[in-house]
Amino acid sequence: MTTDHIPTLEQLQAAAEVINQHFAQMPQVGIVLGSGMGALTEVVADRHGIPYGDIPHFPTLTIPGHAGVLVMGNLAGHCVAVLQGRAHYYEGYSMQQITLPVRVLRLLGVHTLIVTNAAGALNPTFNPGDLMLICDHINLVGMAGAHPLRGPNLDALGPRFPDMSQAYDPALRTLARRIAQERDIPLHEGVYVCVAGPSFETPAEVRFLRLIGGDAVGMSTAPEVTVARHAGMRVLGVSGISNVAIDQPTSERITSHDEVLETAEIIVPRLTELIRGVLGALPRA
Ligand code: HPA
């Protein structure tokens, strides 16, 4: 028996059709906003929003800091589709359900996806408020079997066995580094580890994640990037470091979702500047 809810191509198409009825323009760039990062939509010009609840098969969201609105408009000369808020596996959805919006963006015409998240720092040189360009990920949840491409392959979108050797586009990363340097935005680079949550990690788990090569840890992103790469999208990933993951049981600090949302307020202006700069330098399709 399986608890997977696996959307069909017809369901993805039905969602895309409803969105097409609301917006005349075809988006080329998709942006997924992490916890507390919704304010980034304020820089989108001529924006129109459609609540996820009005789009068939889109997940409805239950977590503070995730509005659950698809915002379409213009940013730095590009027609963008912004997923303001994401569903998480820990909310009870299947991996296939939480990644459905990204696959729908592909059907709408999106070829470049910018994914953001709030993440805990594993790398001891990172501080809350910092940005980390994601150069690669470890999908612990996917490796353990909860994989967003489990089930019949949607051949119309991509291959059964997609390559993930360059999941985070090298040219987009080079561009992001250049923009960060030009605009004095401090930007680390590192490996993102995806865990299921919703509990934060124990200190032993934090030390383990560091040992396996992680620089930041969070509860999202890797599944979305996997379906994006399956469908041939170019991906840029940026983590906003919201907290330092606690690696000793003797630490007097604790981690909370409130802390994650508070730091997002510092992260959003930097992230907005970086994304706007990257899009400004990207050729229009
Ligand atoms: N761990 C897991 N997910 C997170 C964290 C963390 O420390 N911070 C923000 N999302």
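Packing-based ranking of 121-134, 13-26, 231-244, 71-84 yields 231-244, 71-84, 121-134, 13-26, ordered from highest to lowest mean Cβ neighbour count within 10 Å.
Run the numbers on the range 1-125 and let me know its relative contact order in percent, using alpha-carbon pairs under 8 Å that are six or more apart. With pairs under 8 Å counted, the relative contact order is 37 percent. Using only alpha-carbon positions in the chain, the gyration tensor eigenvalues give semi-axes of 27, 23, 18 Å once each is multiplied by 5 and square-rooted (largest first).
Scoring 251-264, 28-41, 135-148 by mean Cβ neighbours within 10 Å over their residues and listing the highest first yields 28-41, 135-148, 251-264.
Spin-label model, Ile63/Thr8: points 7 Å from Cα along the beta carbon direction are separated by 3.0 nm.
Given a 1.4 Å probe and every protein chain left where it sits, what share in percent of the accessible area of the range 1-141 is carbon and sulfur?
The computed percentage sits at 51.
The shape of the range 90-230 comes out oblate: with a ≥ b ≥ c from the C-alpha gyration tensor, a/c is at least 1.5 while a/b does not beat b/c. Per-peptide packing, taken as the mean over residues of other Cβ atoms within 10 Å, places 160-171, 215-226 in the sequence 215-226, 160-171 from highest down.
Each Cα pair under 8 Å and six or more residues apart adds its sequence gap; the mean of these over the residue count of the chain is a relative contact order of 25 percent. Using just its DSSP H runs of length 4 or more, each adding -39500 (n - 2.57), the chain gives a mean residue ellipticity at 222 nm of -9000 deg cm²/dmol after division by all residues.
Remark: the chain carries 43 Å² of accessible area per residue (probe radius 1.4 Å; ligands, DNA and RNA excluded).
Just checking the listed ones, Arg229, Arg177, Arg150: in the Gaussian network model of the chain with Cα springs under 10 Å, the one fluctuating most is Arg150. For the range 185-256, averaging the sequence separation of C-alpha pairs within contact (under 8 Å, six or more residues apart) and dividing by the residue count gives a relative contact order of 38 percent. Projecting the Cα positions of Thr41, Met26, Ala119 onto the charge dipole of the chain (unit charges on Cβ atoms of Lys, Arg, Asp and Glu, taken about the Cα centre) puts Met26 furthest along the positive direction.
The values are calculated or read from the model by the stated rules, or taken from the named source; none is laboratory data. The structure displayed is predicted, hence computed values, not measured ones. Cβ sites come from the backbone with ideal geometry, for glycine too, and all protein chains shown count toward neighbours. The protein model used for the area step is the full one, side chains on, heavy atoms only, and it has no ligands, DNA or RNA in it. Shrake-Rupley method; radii C 1.70, N 1.55, O 1.52, S 1.80 Å.
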